[in-house]
Amino acid sequence: RAYHAELEKLDLEVANRHDVVAVPEDEVRSALSGRVSLSKRGDGFSLGDRAAVLDRVDAPPLLVHVARAENKHFPFEELFRSSLRHLSDAATSEFHFVAAFLHGGRSPVDDAAVQRTLGAVFAKAFSATLEHLENKLFACHDAVGLLLVVRLVAAARRRGAPGPRIKAFDAFLVDCERLLRPRLAAIFAANDESVRKADPSRLGPKATGPHYVARRYGELHAAVLALFPDEARAVADKPPPPPVGSPGAPGSPDTFSNAAVAPARAALDKMSSAVADLAPLTPRRRPSLPRADSYGDTTAAADAAAAARGLRDRVAHLLEALAKRLPDASGDRAVFLANNYDLVLSIFAERGVDARTADATFWAAKLAVERERFVEATLDASFRQLIAFVRATEREAERGGATDLDEGVVGALAATFAATWRDALVRVNADVLRLFANFVNGVEVLKQVLTQLLLYYTRFQEIVRKAWKKPPAFAKDLVPTATILEEIKKYSRIF
């Protein structure tokens, strides 16, 4: 208990109640300066180097006096790891003593009396640790920290304390997960509800760049996918939930965000009321744990994976709503969505998420659609008449209609293209580099624009070839495709 009290002095607050995916900007705006801190937007969601705690499972516990002398502070998962390590070390040293001096050297694994004695020896220590954990969870908003603690508990359950397994230690780890699950589910539920109830007008200014909603979601979901890849794959193999708004579906008036986090709402309400009414925990009070069957046969990791999948669909709808604040004709909506979809995929890649996972392919498919929309909007702005002519003529040909074309109209199209296409490529290049935040994404979009332009003009030339058996008078204005291709190669060499 004294060690826990000292550890609290080293606690580093990473997240607070405002750290939800779709927090309105006015709620995090400084009352004095009126500014919003952009630098803090991803801290409570980013896995980053925090996952290194999983490589330090066997490292010695923190020395509080040394850490305080060096003025160091640590996030929740590091403090929990240190406490867990203390307990496992104590269990290792005690089981030999109990077996040798209290039970005649019998094996503590096979002898029930030895296991009961060990349970009695550690009962107060386990109870104090669970009490401290419960108190910590009441005010915890650090989703990434909880995900890491779940991983630490799962690793400890698989391995147990060093040496023969101690049933009391295994039961303690089960109790830890039972405490963690409702709080983790409640945090995901709060994030889900922030997205569901989000008012786009309160989520920052209108702009085409990456939005903090996408960054926060991307970091949180990437943490789940990186820490629990097997559970994420299992969730992806299940049938998708009913459409939003249908009976029993996420977002319908009588349901919560998704089935995985639905039990958490009741748990959150229960915990909130307990916080308001509960007197400070007495030193010997053992936390009231959820029933073992409260969540069926799933795990905390599976709950997190399912909740993240539901959050993914919510965020996709919210990003589309945010895009609708921008004009559609100019292609700004496509730019906004492409920037944000690419941001999510970039975060996934940084966290080592396999690009073939269902969640990565979900966003990749959306990104491909928005790139195509931007390509068409960009080409339409510079070559609208030529593209409309190509499409209309091809449709007429497919219906078997007449292919007689007005030489004056076609000649004017050819002359206009010959006079403007180089300048149009310069404008397109400048626009793409200006509009797309990720250089790699911008280069890919530019390649698609140039390729699609070449395809449209090739189709235009094919129409001319079929309509005139002999070269028409305007043939001198037709630009060879090799010339266009050479110009495209110049832009390719730039990148």
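The values are calculated or read from the model by the stated rules, or taken from the named source; none is laboratory data. Source: prediction; values computed, not measured. Every residue, glycine among them, receives a Cβ derived from its backbone with ideal geometry; neighbour counts consider all protein chains shown. Side chains included, ligands, DNA and RNA excluded: accessible areas come from the protein's heavy atoms. Shrake-Rupley method; radii C 1.70, N 1.55, O 1.52, S 1.80 Å.
The table below gives the values:
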item: The stretch 426-437 residues that are in contact (Cβ under 8 Å) with a residue 60 or more places away in the chain, paired with ones that are outside any loop (DSSP other than H, G, I, E, B) and of a type in the set (D, E, K, R) (beta carbon under 8 Å, 6 or more apart); result: 436/342; 437/342
item: Residues located in the stretch 460-495, provided they are more than 44 Å from the chain's Cα centre (by Cα) and of a type in the set (Lys, Arg); result: 465, 466, 469, 470, 476
item: Hey, residue 434 among the basic types (Lys, Arg) and closer than 16 Å to residue 484 by Cβ or not; result: no
item: Which listed residue is under 19 Å from the mean Cα position of the chain (by Cα), closer than 27 Å to residue 88 by Cβ and of a type in the set (Phe, Trp, Tyr), from 228, 138; result: 228
item: Test: residue in the stretch 331-351 that is open to solvent by less than 20 Å² (accessible area, probe 1.4 Å), modelled with pLDDT under 95 and assigned to a loop (DSSP other than H, G, I, E, B); result: yes
item: Residue within the stretch 120-127 that is exposed (fewer than 14 other Cβ atoms within 10 Å of the Cβ), of a type outside the set (D, E, K, R), within 27 Å of residue 76 (Cβ to Cβ) and modelled with pLDDT under 85 present; result: yes
item: Number of positions in the stretch 315-349 that are acidic (Asp, Glu) and closer than 26 Å to residue 190 by Cα; result: 2
item: Leading residue by the ranking (nearest to residue 143 (Cα to Cα)) among those in the stretch 56-93 that are of a type in the set (A, V, I, L, M, F, W, C) and free of Cβ contacts under 8 Å to residues at least 40 places away in the same chain; result: 59
item: Considering residues of the stretch 352-380 that are small (Gly, Ala, Ser) and within 25 Å of residue 48 (Cβ to Cβ) only, the residue surrounded by the fewest Cβ atoms within 10 Å (Cβ to Cβ); result: 355
item: The stretch 180-198, residues that are within 14 Å of residue 21 (Cβ to Cβ), open to solvent by 20 Å² or more (accessible area, probe 1.4 Å) and among the charged types (D, E, K, R); result: 193, 196, 197
item: Test: residue in the stretch 157-169 that is surrounded by fewer than 20 Cβ atoms within 10 Å (Cβ to Cβ) and modelled with pLDDT of 90 or more; result: no
item: Residue among 384, 459, 395, 399 that alone is of a type in the set (Lys, Arg) and closer than 24 Å to residue 335 by Cβ; result: 384
item: Residues located in the stretch 214-238, provided they are surrounded by 24 or more Cβ atoms within 10 Å (Cβ to Cβ) and of a type in the set (Val, Ile, Thr); result: 224
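Residue-by-condition table, conditions (1) open to solvent by 50 Å² or more (accessible area, probe 1.4 Å); (2) at pLDDT 85 or above:
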{"position": "2", "(1), (2)": "yes, no"}
{"position": "7", "(1), (2)": "no, no"}
{"position": "18", "(1), (2)": "no, yes"}
{"position": "44", "(1), (2)": "no, no"}
{"position": "49", "(1), (2)": "yes, yes"}
{"position": "54", "(1), (2)": "no, yes"}
{"position": "66", "(1), (2)": "yes, yes"}
